[in-house]
Structures are given as C-alpha cells and as structure tokens.
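The values are calculated or read from the model by the stated rules, or taken from the named source; none is laboratory data. This one's a predicted model, so the numbers in the text were calculated from it and none came from an experiment. As a convention, Cβ positions derive from the backbone with ideal geometry for all residues, glycine included, and neighbour counts pool all protein chains shown.
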Amino acid sequence: MKSIPTRKSFGLDTLKACFCNLLLATLCAFASASAKAGDAYAIAVIPSSPPVTLHEQWTPFLERLTKESGLRFRLKLFQRMADFEREIGDGNADFIFASPIQTVVARQMHGYVPFVRGGKPVSIGLFVRKDSSLRTIDELSGETISFVGNKNLCSVLMRHLLAEQQQKIPYTAEYSGSTQNVIRSVLLGKSAAGAVFIPELENESVTNREQLRLIIETAEVAPHPFSAHPRVSRETRELIKKLVLKMAATKEGEELLKTMRLPAPVAADYARDYQSLEIVDIRGLSDWGK
C-alpha cells in the first residue's frame, strides 16, 4: 500500500521543486526577452529595383536611423515580387516598405500599421496616341492595353477601374515591364492604350508627352508607406516616424529619403490613406504570391 506523504515531506519537496521550476522559467523568459530586445528589427522592402541597388539606397538611411534611435535594423531584400508578397503573408518582418495595395493586404492579414509615407499622392492615367480615334473607355473593347506588370499598383488599380465599368470591356492585357516600354508600345501602335503613373510622364521627353492623350484617370492614391507589425510598440513607431520627418528637414536627409522612394514624408493613416482600396480584388488581380 502506498503511504500518504506527511505534511512536512510533501511541503518541503514540493516547495523546492516549485521554486526550482519557477526560477528556471523566469530565467528562460528573461533570457528570451533579452535576446529579443537585442535583435535587430527586420525591414522588408518592396523589390522595385535589384537587391544590390536597394541595399545601396537603404543602408545609409538605416545607419543614420540606428545612430539616432539606438535601435538596430537589418534589411530583407527580394529578387521577385512574389517572394516579397509571401514575406508579407508570413508576417515575419517587423517593418515593411510596400505599395499601397500590398499595405492593404498586410493590414488584412496581420494588422500592419502604416505610420509614415511619401507626401504627394499619385494618380494613374490611361493614355492613347494623340492622333488615335479612340475617345472613351468603351471604344477600347477588343483592343490591347499595355501595363507595366500584373502586380504593379498602376496596373492593378487601372484594371480594377476597367472591370468596374457598367459594360464589361473585353481587352488583351500586355505587360511591358516598365513605364518607358508602356509608352513606347503605345507610340509605336503595338498597344491601343497604356496605363502609367501620371507623374512618371514627367520623365519622358516633351516630344513623347505631346504625342499622348489622356482618356481616363484614377482617383489619387497615397504613395508607398512604411508600416510596422503590431508587435512593434507604438513608442518605437512614433520614434522612427519622428526621426524620418526630422531627416526630411535637412537637404541631405531629403535626398536620402527621395532615393528610397519616400520623398517629402508625412504621417500616414490607414483609414484616411489606404482603406478605400479594400474594395479592390488585390490578391486576385495581382496573382498574389505567385
């Protein structure tokens, strides 16, 4: 027959065991928290340029941010847009610099919070040759329309606009790879129309611009924001936002941020800047993660 432990033996042995377990758990938790606190924040950046170029553009900014904040950061760069989209889906990055439509998906999936963005909203225009007989969207039925790529903001929003017309417009989408190629395709008559960011036309020659005619324009959209995962504290977000805005107040910092596609930064607000894009079938139109 098993003996019932006495009050003395039960209390002493159990107390020792509980104390040891509690001490071990506390030390493990402390070690884990200390390791986490010492880790660098991971920043995933949209692959708008080759990784080598992005590294050159972002490293000076992060070095300055580290110096002024006392925090450490590490870049996560990607060869393909699909890889970046999957990174957003995994929610591993502490911060992301992403397009407005990717920001919406990041918010829906993990609650990422945009906190600073470029200051000038942009719109997308659908252009035809100036001498084209096409005057309205309906007349594009059965024609070829050129876009930069199926995942680009200008492409997704313009294709959404076309899909929202009362009478569905059948057309052939051609993905040209760059704004310059889209414009060239239209000017050479390979495509009946092309969709590009209106501000990017300023980089084209006057001769090319004068040969194009706008037939429809989207509403303005706030540009790419810097967003934080909810696990990043509000205090950290606010500190980084403050330092970014402080950088923009200097000529050197202004040029640095412009290179990173964060010109004239302002505070970002999801509800004001990006929530309206939730009506777009972003994942469907962009073949998300593929």
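For the range 258-276, the set of residues classified as outside any loop (DSSP other than H, G, I, E, B), of a type outside the set (F, W, Y) and surrounded by fewer than 20 Cβ atoms within 10 Å (Cβ to Cβ) consists of K258, T259, V266, A267, A271, R272, Q275, S276, listed by residue number. The set of residues in the range 204-226 being under 25 Å from L277 (Cβ atoms) and of a type outside the set (A, V, I, L, M, F, W, C) consists of E217, T218, E220, P223, H224, P225. Of the numbered criteria (1) loosely packed, with under 15 Cβ neighbours inside 10 Å; (2) in contact with an Asp or Glu (Cβ under 8 Å, 6 or more places away or on another chain); (3) among the aliphatic types (A, V, I, L, M), the one A228 fails is (1).
Scanning the range 231-241 for residues that are part of a helix (DSSP H, G or I) and loosely packed, with under 15 Cβ neighbours inside 10 Å gives R234, E235, E238.
Taken together, A29, A82 contain a single residue that is hydrophobic (A, V, I, L, M, F, W, C) and modelled with pLDDT under 95, which is A29. When restricted to residues that are modelled with pLDDT of 95 or more, under 17 Å from V244 (Cβ atoms) and among the charged types (D, E, K, R), the range 90-130 contains 2.
Highlighted here are the helices (runs of 4 or more DSSP H) found entirely within the range 62-168 that include at least 2 residues which are farther than 23 Å from T218 by Cα: 81-90, 100-110. In the set G189, G177, only one residue is out of contact with any Pro (no Cβ under 7 Å at 6 or more places or on another chain), assigned to a loop (DSSP other than H, G, I, E, B) and closer than 21 Å to A98 by Cβ; that residue is G177.
If you go through the range 183-231 and keep only what is of a type in the set (G, A, S) and either closer than 30 Å to G111 by Cα or touching a helix residue (DSSP H, G or I) at 6+ places or on another chain (Cβ under 7 Å) (or both), you end up with S191, A192, A193, G194, A195, A219, A222, S227, A228. Answer with yes or no whether S3 is part of a loop (DSSP other than H, G, I, E, B), among the hydroxyl-bearing types (S, T, Y) and either exposed (fewer than 10 other Cβ atoms within 10 Å of the Cβ) or modelled with pLDDT under 50 (or both). Yes, satisfied. Among the residues of the range 243-253, those that are loosely packed, with under 15 Cβ neighbours inside 10 Å and in a helix (DSSP H, G or I) comprise K246, K251, E252. Within the range 112-134, identify whether any single residue is of a type in the set (S, T, Y), in contact with a Gly (Cβ under 7 Å, 6 or more places away or on another chain) and over 24 Å from E210 (Cβ atoms), and answer yes or no. No, that holds for no residue. One residue stands out among those in the range 116-149 that are under 18 Å from E278 (Cα atoms) and touching a helix residue (DSSP H, G or I) at 6+ places or on another chain (Cβ under 7 Å): the one that is surrounded by the most Cβ atoms within 10 Å (Cβ to Cβ), which is I124. Find all pairs meeting these conditions: Cβ atoms under 9 angstrom apart; at least six residues apart or on different chains; first residue within the range 200-213 and under 20 Å from S123 (Cβ atoms); second residue at pLDDT below 90 and surrounded by fewer than 15 Cβ atoms within 10 Å (Cβ to Cβ). Matching pairs, first to second residue: R209/E202. Only residues that are free of Cβ contacts under 8 Å to residues at least 12 places away in the same chain and either touching a Leu at 6+ places or on another chain (Cβ under 7 Å) or not hydrophobic (A, V, I, L, M, F, W, C) (or both) were counted across the range 51-63, and they come to 3. Checking the range 37-60 against the condition returns a match, with at least one residue being exposed (fewer than 11 other Cβ atoms within 10 Å of the Cβ), modelled with pLDDT under 95 and among the hydrophobic types (A, V, I, L, M, F, W, C).
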